[in-house]
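Peer 1: Quick one: this structure, given as structure tokens, is what I'll be asking you about.
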Amino acid sequence: MIEGQLFQLGYVCDNIEEGIAQFRGRGMTHEPQIMEVQQPVNTPDGREVINHIKLCFIWIGDIQYELIQPITDPLGVYALANTVPGGGPIRIHQTSSRVADWA
């Protein structure tokens, strides 16, 4: 079941600059800031590994678009979206919704 209001669409891209280019001319009002993040992630066997990504957020209307360029992805969190043959410069990774009241 889908609850709430669609808030975000997240995409994986091979090159974040090419991903950003897909949004130019579509209502993007500000040039996005690219951030580089190294995020610790716990593995199922209890080890800690580092996901190293570039990301940015683009607003068009009420929807936020998150672009993610994996640098290292030791657990393969972004691998499925990243390996779709002919997937284009951006591939869907996740959606997010805002829910006013879960009760």
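Peer 1: Which of the residues spanning region 16-68 are farther than 26 Å from Gln5 by Cα and of a type in the set (S, T, N, Q)?
Peer 2: Within region 16-68, Gln38, Gln39, Asn42, Thr43, Asn51 qualify.
Peer 1: Return the pair list, or none, for Cβ contacts closer than 8 Å from residues in region 76-101 that are over 17 Å from Glu18 (Cα atoms) to residues that are at pLDDT below 80, at least 6 apart or on different chains.
Peer 2: Here the result reads Ser97/Ile2; Ser97/Glu3; Val99/Glu3, each pair linking region 76-101 to a residue that is at pLDDT below 80.
Peer 1: Suppose we keep only residues that are within 12 Å of Asp73 (Cα to Cα) and open to solvent by 80 Å² or more (accessible area, probe 1.4 Å) within region 19-44. Which one would you say is modelled with the lowest pLDDT?
Peer 2: Among those that are within 12 Å of Asp73 (Cα to Cα) and open to solvent by 80 Å² or more (accessible area, probe 1.4 Å), it is Gln39.
Peer 1: If I filter region 7-18 for residues that are open to solvent by 60 Å² or more (accessible area, probe 1.4 Å), in contact (Cβ under 8 Å) with a residue 24 or more places away in the chain, in contact with a helix residue (DSSP H, G or I) (Cβ under 8 Å, 6 or more places away or on another chain) and not hydroxyl-bearing (Ser, Thr, Tyr), do I get at least one hit?
Peer 2: Scanning region 7-18 turns up at least one residue that is open to solvent by 60 Å² or more (accessible area, probe 1.4 Å), in contact (Cβ under 8 Å) with a residue 24 or more places away in the chain, in contact with a helix residue (DSSP H, G or I) (Cβ under 8 Å, 6 or more places away or on another chain) and not hydroxyl-bearing (Ser, Thr, Tyr).
Peer 1: Out of the residues in region 45-85 that are among the hydroxyl-bearing types (Ser, Thr, Tyr) and either out of contact with any Leu (no Cβ under 8 Å at 6 or more places or on another chain) or exposed (fewer than 14 other Cβ atoms within 10 Å of the Cβ) (or both), which is modelled with the highest pLDDT?
Peer 2: Taking the candidates together, the pick is Thr72.
Peer 1: Hey, another quick one. Of all residues in region 1-49, which are part of a loop (DSSP other than H, G, I, E, B), closer than 13 Å to Ile60 by Cα and not aliphatic (A, V, I, L, M)?
Peer 2: Gln22, Phe23, Arg24, Gly25, Arg26, Gly27, Thr29, His30, Glu31, Pro32
The values are calculated or read from the model by the stated rules, or taken from the named source; none is laboratory data. This is a predicted model, so every value here is computed, not measured. Ideal geometry is used to build each Cβ from the backbone, glycine not excepted, and the neighbour counts take in all protein chains shown. To get the accessible areas, we keep the full protein, side chains included, count just its heavy atoms, and leave off ligands, DNA and RNA. Shrake-Rupley method; radii C 1.70, N 1.55, O 1.52, S 1.80 Å.
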